[in-house]
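The values are calculated or read from the model by the stated rules, or taken from the named source; none is laboratory data. None of these values were measured; they are calculated from a predicted model. We place every Cβ from the backbone using ideal geometry, glycine too, and count neighbours over all the protein chains shown. The accessibility values were calculated without ligands, DNA or RNA, using every heavy atom of the protein model including side chains. Shrake-Rupley method; radii C 1.70, N 1.55, O 1.52, S 1.80 Å.
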Amino acid sequence: MDSHVTAAIQSTGRVAFKGLRPPPPPHMALQDQVAVVTGAVQGIGRAMAEILLRNGAKVALLDVNEAAGKSLKEVLDKQHGPERTLFLSCDVESEEQIRAAFQRTAGALGAVDIVCNNAGVLNEAEWEKTISVNLVAVVRVTYIALEHMNKMSGGRGGVIINTASMAGLFPLLSCPVYTATKYGVVGFTRAMAANSTALGFGIRFNALCPGFVQTDILDNIYERLGQFSQLSAETQVFVDKGVLKTSEVAEGLLELLTNDTKNGEALQVMCSSQKYMKFPVFT
Ligand SMILES: NC(=O)c1ccc[n+]([C@@H]2O[C@H](COP(=O)([O-])OP(=O)(O)OC[C@H]3O[C@@H](n4cnc5c(N)ncnc54)[C@H](O)[C@@H]3O)[C@@H](O)[C@H]2O)c1
Ligand SMILES: CCCCC[C@H](O)/C=C/C=C\C=C\C=C\[C@@H](O)[C@@H](O)CCCC(=O)O
């Protein structure tokens with residue numbers, strides 16, 4: 001049986017039908033935790049911010065899209081109260097803006113416990129930009145986050161979740177550079193997780209690997225595939241097999257945040273299931 005249905009029966013004592021079921025109880029582990037989410041104002045990042053807030057966390061919403069950021073903040077203020085979120089205009093390609101955003105978050109919401117490196121783009125024509133946002137910026141944000149969170153330098157530890165993709169585990173042939181960035185994110189996440197264990201950072205690092213998700217990234221894909229646009233029909237065949245809702249990806253985030261046995265993992269989120277990637281063991 002669907003675990004949410006089981007949980008609904010346990011909490012209400014009656015059968016809950018799909019679509020009518022009450023929301024699952026909040027994870028107390030996230031209560032008053034302070035989260036930084038990049039690329040937070042729409043798509044997967046917005047769903048991440050929403051699930052964090054529903055589970056009692058405070059969230060700094062970092063994004064380059066100021067107009068969408070301000071209107072999202074208004075919506076979230078009505079639902080959760082103005083003191084639970086902060087919108088910060090921040091380009092993850094700028095070290096200065098990231099530093100300022102972490103300082104402002106710590107000042108307004110408290111010490112950072114959770115970082116979701118989620119901002120990303122897909123543009124094979126502007127491939128250097130794709131590498132810069134999807135991979136270089138993940139390293140940049142993570143190293144600044146370490147200055148705040150690392151237990152070895154006075155921080156209190158926490159969790160860093162990097163949004164990779166199924167394209168970080170299996171190549172997507174119409175998007176070789178996007179694929180390379182997501183393989184890079186998975187590799188960086190696993191190496192940092194091992195570092196954290198070896199050096200005592202007190203931080204868990206995990207990668208979230210969704211399949212296709214209904215967001216703006218799937219719009220006008222033809223133009224953004226550049227010299228590989230002839231393969232867009234082939235990619236569309238995969239897309240037509242099933243597209244996830246952003247809320248389903250956010251459930252994967254919740255699993256990685258609250259399952260404290262997981263470090264250095266890549267969680268595949270697909271339409272039919274969620275499963276951890278089995279990596280070969282190096283001996
Ligand atoms: N949609 C999918 O099918 C899918 C699947 C797997 C993984 N992903 C990944 O999920 C993440 C979120 O993508 P999405 O699908 O929600 O796309 P989206 O375009 O809806 O959202 C991306 C967000 O990132 C922000 N952003 C872009 N560049 C930025 C920058 N330099 N600094 C700060 N913010 C920036 C955008 O303004 C936007 O709000 C990306 O890393 C993407 O690669 C998406
Ligand atoms: C051009 C569209 C951009 C989408 C961006 C997104 O990040 C890319 C996702 C890429 C791949 C998705 C693949 C999904 C595959 C699964 O449905 C399944 O076929 C793979 C099963 C693998 C396994 O379980 O062994």
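For residues that are without any contact (Cβ under 8 Å) to a residue 24 or more places away in the chain and open to solvent by less than 80 Å² (accessible area, probe 1.4 Å), scanning just the stretch 54-81, find the one that is nearest to residue 33 (Cα to Cα). Spell out the reasoning first.
Taking the stretch 54-81 first, the residues without any contact (Cβ under 8 Å) to a residue 24 or more places away in the chain are 66-67, 70-71, 73-75, 77-78, 81.
Now restrict to residues that are open to solvent by less than 80 Å² (accessible area, probe 1.4 Å): 67, 71, 73, 75, 77, 81.
Details: 67: 26, 71: 23, 73: 18, 75: 21, 77: 18, 81: 16 Å.
Applying the filter and picking the extreme gives 81.
Would you check which residues across the stretch 170-201 are open to solvent by 20 Å² or more (accessible area, probe 1.4 Å) and among the aliphatic types (A, V, I, L, M) and list them?
Once the filter is applied, which keeps residues that are open to solvent by 20 Å² or more (accessible area, probe 1.4 Å) and among the aliphatic types (A, V, I, L, M), the stretch 170-201 yields 172, 173, 177, 180, 191, 194, 198, 199.
Take residue 188 and tell me if it is within 16 Å of ligand 1 (Cβ to nearest atom), among the hydrophobic types (A, V, I, L, M, F, W, C), assigned to a helix (DSSP H, G or I) and within 20 Å of the chain's Cα centre (by Cα).
In short, yes.
For the stretch 22-53, name all the residues that are open to solvent by 70 Å² or more (accessible area, probe 1.4 Å) and within 16 Å of residue 69 (Cα to Cα).
Hits for the stretch 22-53 are 42, 46.
Just need a number here: residues in the stretch 228-283 that are among the aliphatic types (A, V, I, L, M), away from ligand 2 (no atom under 11 Å from the Cβ) and in contact (Cβ under 8 Å) with a residue 40 or more places away in the chain.
7
Answer yes if at least one residue in the stretch 206-214 is within 21 Å of residue 47 (Cβ to Cβ), away from ligand 1 (no atom under 14 Å from the Cβ) and at pLDDT 95 or above, and no otherwise. Show your work before the answer.
First pass over the stretch 206-214, keeping only residues within 21 Å of residue 47 (Cβ to Cβ): 206-214.
Now drop any that are not away from ligand 1 (no atom under 14 Å from the Cβ), which leaves 206.
Cutting the leftovers down to at pLDDT 95 or above gives us 206.
Within the stretch 206-214 (the criterion being within 21 Å of residue 47 (Cβ to Cβ), away from ligand 1 (no atom under 14 Å from the Cβ) and at pLDDT 95 or above), the answer is yes, since at least one residue qualifies.
State all residues of the stretch 220-239 that are within 13 Å of ligand 1 (Cβ to nearest atom) and either surrounded by fewer than 12 Cβ atoms within 10 Å (Cβ to Cβ) or at positive phi (or both); if no residue qualifies, say none.
220
Just one of 144, 217 is in contact (Cβ under 8 Å) with a residue 24 or more places away in the chain, near ligand 1 (Cβ under 9 Å from one of its atoms) and part of a helix (DSSP H, G or I); which is it?
217
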